[in-house]
Amino acid sequence: MNIFTIDVPLCKDFGRILKKMNKKVTFLEDPLNQSHLFKDSTDLMKSLFILPLNISKDSWQQTSLFALAESHEIPILFLYKRALGMEHPLALPEKTYYDTMAVPADSVEVRIKLKSLKNIGMQLFSAKMKGQQLEKMHQKTARSLRIAKGIQLSSLPLSINNEDIEVKGLFQPSSELSGDLFYWTEVDDRIYGFIMIDVFGKGIHTALINMSIRTLIPDLIKRVKDPIFITEELDKHMRDLFQGVNRENKNHARITAFIAYVNTKDRLIEYVNYGLPSAFLYSPRTNQVLNLNEGASPRVLIPEMPIKKMAFHYEAGSRFIIYTDGLSKTPTPSAIDRSDSIQREFIENVHLDTNDLLQELLASRMRHSVINDDICIIAGTLF
């Protein structure tokens, strides 16, 4: 054990006892400038500081050694002489372990005390090293999550605004990574495909599923061009992903989705709502809102339920929103379904431009309660 102290009578006398016990004692004349002696990690683990219990504020050596012990979390053994009416110490450590010892002391008592402090010093060092390792791991994980978030954000589709259609999206993860995603593209001349997916659960696994599906979507939505077949392909993809997963975790093999094709030449919409909250389409001529909620529940919940596709014509100037349940559902214990409120807010704000409409829908959700789920919203106008 490396023992450090200063040249004051109380510590000097104790140092002589230690040297008789063949203990190495280093007297520091300028603790701040000699701190290199115990900066090495292996030295820290075996170091001990000895100081008078009643540290003098006028002694820069004592205050410096006290401060170094706190900053490096090196244990301190405080010495004091038994006396009547002893003064209370001016300061005691808050960051490191300390113990006290009355002097003079016999060698047996000193050995027991030193052994105890040595063990504590090693435990403190071990805990500190583990803490530093955890912090490095945390920083590494945080950096990886930032990169992954950047990848997710870069995979979002660009807004569309032309003579046929305007569409924009809002992506609001509840944490660094999201299990929700949306995508749209022109699949043919004046025909547009839309898809929104909500992956069941929270955590890194939802982000992995998200990106797995995201790589599948561009080809799928252009090649298949049918909401029912796309739903079935997504369902099969989820089963394949979880094929080797144990039964308990297969409960997470679930997605909800909204798939639609908009033919702007014929003003025709075909869609399947596969368990997402109802999307809404506002018709300006009738001032009515159509609920787009027909489709099916996820097969993992009701395996035998057939998937139903809906088709209808829309009028020029119609506006729409599609969203995941992070916008409509609130945290427990209240667990309120806000679908009716969203429909009302959509009607009240349907005159806003699309960006403002998206922000108002999100702001309303934020005003209601804490957001603990990913939120995706698509909004737009059909001309």
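Just so you know, all these numbers are worked out from the coordinates, no wet-lab data involved. Since the structure is predicted, the reported quantities are computational estimates derived from the model, not experimental observations. Using ideal geometry, Cβ is built from the backbone for each residue, glycine included, and neighbour counts are taken over all protein chains shown.
Computed values, structure above
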quantity: Cα-Cα over 28 Å, subset of LYS23/LYS95; LYS46/LYS136; LYS24/LYS136; calculated: LYS24/LYS136
quantity: Pairwise FRET efficiency - LYS308 versus PHE383, Cβ, R0 = 22 Å, nearest 0.05; calculated: 0.20
quantity: Additional length obtainable on full extension of the chain from LYS57 to LYS20, 0.36 nm per residue less Cα span; calculated: 10.2 nm
quantity: Candidate aspartates and glutamates for bridging to LYS140, where Cα separation is under 18 Å - those fewer than 8 sequence places away on the same chain excluded; calculated: GLU176
quantity: Set of lysines with alpha-carbon distance to LYS236 below 19 Å, sequence-local pairs under 8 removed; calculated: LYS222, LYS225, LYS250, LYS308, LYS309
quantity: Magnitude of the charge dipole, the chain, Cβ model with Lys/Arg +1 and Asp/Glu -1, debye to 20; calculated: 2080 debye
quantity: Folded to 0 to 90 degrees: helix 107-154 orientation relative to the chain principal axis, Cα; calculated: 20 degrees
quantity: Listed values [x] 71, 22, 18; [y] 32, 27, 21; [z] 31, 22, 20, entry calculated as semi-axes √(5λ) of the Cα gyration tensor in Å; calculated: [x]
quantity: Calculated [θ] (222 nm, deg cm²/dmol) that DSSP helices of n ≥ 4 give over the chain, each run adding -39,500 (n - 2.57); calculated: -12500 deg cm²/dmol
quantity: Dipole magnitude of region 1-80, debye to nearest 20 (Cβ charges: Lys/Arg +1, Asp/Glu -1, about Cα centre); calculated: 420 debye
quantity: Dipole of the chain, positive direction: furthest Cα of VAL110, ILE6, THR256, with charges on the beta-carbon; calculated: VAL110
quantity: Magnitude of the charge dipole, region 155-382, Cβ model with Lys/Arg +1 and Asp/Glu -1, debye to 20; calculated: 440 debye
